[in-house]
Amino acid sequence: MTIFSGELLKNKAFNGWNLFWLVSGPISIAMLIAMAGADLSGGAGVSAMIQLSVRCAVPWLYLTFAASSLHVLLPGPLTRWLLRNRKFFGLIFAAAMAWQGFFILWMVIIHSDYYINEVYVLRDAIEGVVGYIFLAAMTFTSFPFGRKLLSPRLWRYLHKAGIYFLWAYAFSVYWWALFYYPNPLPIDYIFYWGGFLAWAVRAAAWNKKRLRLAEKKTRENNAQPTFKLIGIAVVALGLIAAGFGSLWFDTAEEWLTGYAFTRVPELYLPYWPFQPYLPLFVIALGTLLMTRAKA
Ligand code: HEM
């Protein structure tokens, strides 16, 4: 019986609420142990706990984000297990983010000076609060009593918009850590490329579905060779841009900010002007061109 045989993954211990407690139990114990050893009398100590709790949360966010697409790309016992337990990976993320929320409140209420002087930026606070509103709504509607309050379509819109918003938050934090702030840590690279991979899996599954649809319509793989080549070049450009953000950051900043009409988005609009996602838009455009069907 191996992990890939599927038998192990069908075991009750690794599914549903058992899986939830199997993962979020140790995360909570680790948080309590870290708290016992931390100096929480100052903002910096609490900030370190915020960081630790998020690092325990983000992998489950990426897994939830990629689960269904992984199953489209690589159908099998492991991806079926991922899909079967997607809700519980989401709840594990929510439980770990509850710890971050606890330490954020601790910082804002007990160490308000530190929060105001070292952390507070209006647009970041807007992004963070919207993120938590999405997370709370997604968690509440993951239970039957919450789910029945929404139509199936609204439920899908909420969970799709919410998971994209939360993925975008985490991905952008690590993009800035790598390409804007000095001395990125190895873990920042792992979480940045992890976030990129989670998105790339979705893009690849979308591409696979588009190709399958086109082939169904025309009974042949009818991508136009010229467009395919241009598409491959555009995807390659996007990949290079995703790996070398600091090379084009200043130019993008110059082109995208500082105008009268961008003043309000620069102050309030989450993620504006979207630098971390620009390479992804380029890759998506390239994918679109690669699969552009013959008329
Ligand atoms: C108002 C809400 C929020 C506040 C005040 C807040 C505050 C903070 C603070 C102070 C840190 C820095 C910790 C440190 O480096 O010492 C941090 C890091 C981080 N936060 Fe939040 N946060 C909020 C919401 C969110 C949300 C919704 C997400 C979504 C995923 C998130 C993801 C992250 C990530 C990925 C990091 C980087 C952790 C690392 O260094 O690896 N935060 N946050």
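The set of residues in the stretch 94-116 being touching a residue at least 12 places away in the same chain (Cβ under 8 Å), surrounded by fewer than 19 Cβ atoms within 10 Å (Cβ to Cβ), within 12 Å of the ligand (Cβ to nearest atom) and farther than 30 Å from Trp17 by Cα consists of Tyr114 alone.
When the residues of the stretch 9-63 are filtered to those that are more than 16 Å from the ligand (Cβ to nearest atom) and β-branched (Val, Ile, Thr), the one that is surrounded by the most Cβ atoms within 10 Å (Cβ to Cβ) is Val23. Looking only at the stretch 270-295, how many residues end up being surrounded by fewer than 19 Cβ atoms within 10 Å (Cβ to Cβ) and in a loop (DSSP other than H, G, I, E, B)? Summing the residues that are surrounded by fewer than 19 Cβ atoms within 10 Å (Cβ to Cβ) and in a loop (DSSP other than H, G, I, E, B) in the stretch 270-295 gives 8.
Checked against (1) free of Cβ contacts under 8 Å to residues at least 60 places away in the same chain; (2) buried (at least 16 other Cβ atoms within 10 Å of the Cβ); (3) outside any loop (DSSP other than H, G, I, E, B), Ser142 passes all but a single condition, namely (3). State whether the residues of the stretch 72-89 include one that is open to solvent by 20 Å² or more (accessible area, probe 1.4 Å), at pLDDT 95 or above, within 15 Å of the ligand (Cβ to nearest atom) and within 24 Å of the chain's Cα centre (by Cα). Within the stretch 72-89 (the criterion being open to solvent by 20 Å² or more (accessible area, probe 1.4 Å), at pLDDT 95 or above, within 15 Å of the ligand (Cβ to nearest atom) and within 24 Å of the chain's Cα centre (by Cα)), the answer is no, since none of the residues qualifies.
When the stretch 35-70 is examined, which residues are found to be outside any helix (DSSP H, G or I) and either in contact (Cβ under 8 Å) with a residue 60 or more places away in the chain or touching a Lys or Arg at 6+ places or on another chain (Cβ under 7 Å) (or both)? Across the stretch 35-70, the qualifying residues are Leu40, Gly42.
The helices (runs of 4 or more DSSP H) located wholly in the stretch 154-269 that include 1 or more residues which are at pLDDT 95 or above, within 16 Å of the ligand (Cβ to nearest atom) and closer than 15 Å to Leu280 by Cβ occupy 186-218. For the stretch 71-88, name all the residues that are within 22 Å of Val54 (Cβ to Cβ) and in contact (Cβ under 8 Å) with a residue 40 or more places away in the chain. Correct list: Asn85, Lys87, Phe88. For Val130, the criteria (1) under 16 Å from the mean Cα position of the chain (by Cα); (2) open to solvent by 50 Å² or more (accessible area, probe 1.4 Å) hold in every case but one, which is (2).
The values are calculated or read from the model by the stated rules, or taken from the named source; none is laboratory data. Only a predicted model underlies this, so the values are computations on that prediction, with no experimental measurement involved. Note that we place each Cβ from the backbone using ideal geometry, even for glycine, and neighbour counts take in every protein chain shown. Calculation scope for accessible area: heavy atoms of the full protein, side chains included, ligands and nucleic acids excluded. Shrake-Rupley method; radii C 1.70, N 1.55, O 1.52, S 1.80 Å.
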